[in-house]
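Data first, discussion second: the structure below is written as structure tokens.
No lab work stands behind these numbers, since they all come straight from the coordinates. Keep in mind that this is a model prediction, so the values were computed, not measured. No Cβ is skipped: glycine too gets one built from the backbone with ideal geometry, and neighbour counts run over all protein chains shown.
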Amino acid sequence: MTSQLDKAKAFRALHERPGAFIIPNPWDAGTAKLLAAAGFEALATTSLGLANMQGSSTVSLDAILENCRAIAQATDLPVSVDLENCGAHDPRRAAEAIRRAAEAGAVGGSIEDSTGDRDRPIYDFSLAVERVQAAVETARSLSYPFTLTARAENLLHGRNDLDDTIRRLQAYEAAGADVLYAPGVHDLATIRTVVASVGKPFNLVMGFADPTLTLAQLSAAGVKRISVGGAMSRYALAAFLKSAREMKENGSFTYVREMAPIKDLRAAFAAVTPP
């Protein structure tokens with residue numbers, strides 16, 4: 001059995017070794033086991049994938065944490081949890097989500113500066129920094145090294161101000177965040193600019209980046225961690241919808257030729273021993 005401390009140390013080590021690593025995003029225990037069997041070294045939850053699984057457009061913090069618990073218990077791999085805005089505007093209340101994530105088995109987690117309010121989607125700069133500071137304090141109070149990721153969400157909400165995004169990332173770094181993240185950074189030149197502007201590891205999410213980019217290119221550009229957010233969930237649902245349309249529109253079932261063999265799934269699940 002791998003302890004939470006050992007998982008936390010292993011997760012930190014991934015951020016400290018040379019080159020980039022991929023941290024894929026399962027949305028339940030089954031997909032977590034499949035990714036572990038495929039040889040990945042860490043996992044990150046996806047709130048979008050969870051929302052898709054639940055058939056909703058939003059998810060509560062309680063649901064996020066229960067999903068995290070299921071994924072963390074499914075394998076021995078380190079898990080980082082997508083906490084969205086940590087379920088609260090107030091810095092102290094938001095920081096409490098970090099403690100709850102640790103209790104759910106996570107060894108890392110994120111806090112973002114998106115408010116959830118369509119009219120004012122991004123927290124004012126000073127409040128955003130205060131929230132990261134509070135999250136850092138809570139993370140540092142834990143009994144193991146919790147890896148805190150701070151996210152600048154401008155580019156996902158129509159605020160295409162790269163200077164302000166970089167300013168926020170730099171402030172979150174100064175506040176003590178361990179990893180920095182700006183979803184929506186798309187092309188390699190911009191990625192290089194952002195990475196060069198900060199001193200902490202940078203997470204790139206490929207769900208919004210140029211899909212032709214490779215691990216080797218991103219590693220050379222200085223990216224440390226590569227996630228995919230809800231992309232795998234959406235890809236799986238695309239196959240689901242394709243099969244549904246074939247049955248409804250054509251009355252045919254040729255999609256069964258592309259099913260994952262039951263024996264392969266069972267072998268993958270059996271190969272992963274829960275902690």
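Table for the structure above
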| quantity | calculated |
| --- | --- |
| Which of L148, G207, F253, positive extreme of dipole for the stretch 4-271 (C-beta unit charges) | F253 |
| Share of alpha-carbon pairs per 5 Å distance bin for the chain, given as whole % | 1, 6, 12, 16, 19, 17, 13, 7, 4, 3, 1, 0 |
| Above-threshold pairs, the threshold being 20 Å between Cα atoms, out of K9/K224; K33/K224; K7/K263; K33/K263; K200/K224; K7/K224 | K33/K224; K7/K263 |
| Cα centroid separation - the stretch 176-246 against the stretch 47-87, whole Å | 19 Å |
| Least to most buried among Y181, Y235, Y172 (fewest other Cβ within 10 Å first) | Y235, Y181, Y172 |
| Square roots of 5 times each gyration tensor eigenvalue, C-alpha, the stretch 145-275, largest first, Å | 37, 20, 13 |
| Nearest 10 degrees, 0 to 90: helix 91-103 Cα axis against the chain principal axis | 40 degrees |
| Cβ-based exposure ranking for V107, V205, in which fewest neighbours within 10 Å come first | V205, V107 |
